Each structure stands twice: as structure tokens, then as C-alpha cells.
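Q: One structure, as C-alpha cells, below. Some questions next.
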Amino acid sequence: MAEEEGSGQGSASTVIANELIEFANNKLEAGVDVAVIAAAMRHAAANFTAFALDATKAPFNTEDIVKEFVEWLHYYDDRLRSGARPMTPLEKLVKQVEDE
């Protein structure tokens, strides 16, 4: 997971993931039940993953897909339960500058 975030593809996937989270948050603010939103996102993820595998002719390896999902689920669950909030883009930039 950490390796993915360092790559160009990981950065693009993080941006898109954040856009999807924003969409989900908008639905939540509109009064849609949080469990319904989560189920819809899993449904959409499965649908688009199957499409991507078909489009790229990648092997259908559910073990790797499920493993990645479970890793991310545990990662975010641990963060939420610890009270840590995601860094804003500005905070990330400041941290990057400080680290350099």
C-alpha cells in the first residue's frame, strides 16, 4: 500500500479515491444512509474492477483484489479508531517541504 502511494499511479488513484469520498460525503450530507453509501461504493468498485480486468485482459485474481481491499480497510479502520484525521493537501505539501 505505501509503495502504491509513492508511484505516479498511486498518486492518481489517491486523487480519484478522494473524489469518490467527496461524492460519498455529499450523499451523506443529503441524508443517504451511511451503510447504503458504503454498499453502493463496494458494488461500484466490483463492477468497475471487473470492467478494468476485462479491458486490460488482466488475469482475474480475486485473492489479490480481496487482499488489497482488506489491507486498505484495516488501514483506514485503524486510522479512524485512533482519532487520526487525513491530512489536507496543504498539510501534505507543508510536510513534504519540511521533510526536504
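Q: Can you tell me which residue among LEU90, LEU73, LEU80, LEU53 is in the same structural domain as SER11 (by TED's automatic domain parsing) and among the hydrophobic types (A, V, I, L, M, F, W, C)? Before the answer, list the steps.
A: Details: LEU90 fails: in the same structural domain as SER11 (by TED's automatic domain parsing); LEU73 fails: in the same structural domain as SER11 (by TED's automatic domain parsing); LEU80 fails: in the same structural domain as SER11 (by TED's automatic domain parsing).
Only one candidate passes the filter, namely LEU53.
Q: Looking at region 32-79 only, could you name the residues that are surrounded by fewer than 10 Cβ atoms within 10 Å (Cβ to Cβ), in contact with a Leu (Cβ under 9 Å, 6 or more places away or on another chain) and closer than 20 Å to ASN18 by Cα?
A: none
Q: Please identify the pairs in which a residue from region 7-21 that is at pLDDT below 90 has its Cβ atom under 6 Å from the Cβ atom of a residue that is surrounded by 11 or more Cβ atoms within 10 Å (Cβ to Cβ), counting only partners at least 6 apart or on another chain.
A: Correct list of pairs: GLY10/GLU4.
Q: Suppose we filter THR56, THR49 for residues that are within 20 Å of SER11 (Cβ to Cβ), hydroxyl-bearing (Ser, Thr, Tyr) and more than 19 Å from the chain's Cα centre (by Cα); which single one remains? Give the steps one after another, and end with the answer.
A: Values: THR49 fails: more than 19 Å from the chain's Cα centre (by Cα).
THR56 is the lone residue from the list that is within 20 Å of SER11 (Cβ to Cβ), hydroxyl-bearing (Ser, Thr, Tyr) and more than 19 Å from the chain's Cα centre (by Cα).
Q: What residue, among those in region 55-81 that are part of a helix (DSSP H, G or I) and aliphatic (A, V, I, L, M), is modelled with the lowest pLDDT?
A: Step by step, filter region 55-81, then rank; the result is LEU80.
The values are calculated or read from the model by the stated rules, or taken from the named source; none is laboratory data. A quick note: this is a predicted structure, and the numbers were derived from the prediction, not measured. Glycine also receives a Cβ, built like all others from the backbone with ideal geometry; neighbour counts cover every protein chain displayed.
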